[in-house]
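Here is the structure we will look at, set down as structure tokens.
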């Protein structure tokens, strides 16, 4: 299983999430700066990101966009103490955040949404793998197979 990356400058939050997730058998990597998170994105294939809205005075939205560009199937949860206006909330969702919660959030709720998000991630990966296999199969057949509007038909 690919690790979950936790990005938050609050040591207590990261320790608490890391401890609880590891108890549930999830591999976890912790970053307390945007720079270390970006290094982790390139070093590890992360399955999910749990992040604060900002680390220090820096917004995490650009890191989320970069993660989603390289791993569009990665699950992203934002757990923050920052109340959002409608336009800020819209920007968060458009950046690639799958779930958004205000602190304090019970760990059970985080875990349930993480499980749901990772299940959907696995579905997307499986779908992509099957599409590639079908594409290879049909392209090797040649006759009687046509690609119409992004999908294959016989």
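No value in this document is a laboratory result; all are computed from the given coordinates. Not measured: the values here are computed from a predicted model. Heads up, the Cβs are rebuilt from the backbone with ideal geometry, glycines too, and the neighbour counts pull from every protein chain shown.
For the stretch 1-77, the relative contact order is 35 percent, taking Cα pairs closer than 8 Å that sit 6 or more residues apart in sequence and dividing their mean separation by the residue count. Taking only Cα atoms, what is the 0 to 90° angle, nearest 10, from helix 34-43's long axis to the longest principal axis of the chain? Value to nearest ten degrees: 30. Modelled spin-label separation between residue 20 and residue 89, with each label point placed 7 Å from Cα along the Cα-to-Cβ direction: 2.3 nm. The distance between label points at residue 127 and residue 81 comes to 3.7 nm (points 7 Å beyond Cα on the Cα→Cβ vector). If you line up the long axis of helix 11-23 against the longest principal axis of the chain, both from Cα atoms, how many degrees apart are they, to the nearest 10? Tilt of helix 11-23: around 50 degrees.
Between 77, 38, 134, where does the largest GNM mean-square fluctuation fall for the chain, given springs only between Cα atoms within less than 10 Å? Maximum among the listed residues: 134.
How much of the DSSP bridge set in the chain is antiparallel, in percent, rounded to the nearest 5? List each step's numbers first, then the result.
Working: 5 of 21 bridges.
Once the DSSP bridges in the chain are tallied, antiparallel ones form about 25 percent.
Hey, in the GNM for the chain with a 10 angstrom Cα cutoff, which one of 137, 102, 112 fluctuates hardest? Judging by the Gaussian network model, the answer is 137. Note on residue 2 and residue 111: their simple-model spin labels are 2.4 nm apart, each label 7 Å out from Cα toward Cβ. Largest mean-square fluctuation among 86, 32, 98, in a Gaussian network model of the chain whose springs join Cα atoms under 10 Å apart, belongs to 86.
Sorted by average packing, counted as other Cβ atoms within 10 angstrom per residue and highest first, what order do 54-66, 2-14 take?
Working: 54-66: 16.3, 2-14: 18.5.
Taking the mean over residues of other Cβ atoms within 10 Å, the ranking is 2-14, 54-66.
Relative to the longest principal axis of the chain, what angle (0 to 90°, nearest 10) does the C-alpha long axis of helix 61-70 take? The angle comes out at about 30 degrees. Mean separation of Cα pairs under 8 Å and 6 or more residues apart, divided by the residue count, gives the chain a relative contact order of 18 percent. From helices alone, the chain scores -16500 deg cm²/dmol at 222 nm; the rule is -39500 (n - 2.57) for each run of n ≥ 4 DSSP H residues, then divide by the residue total.
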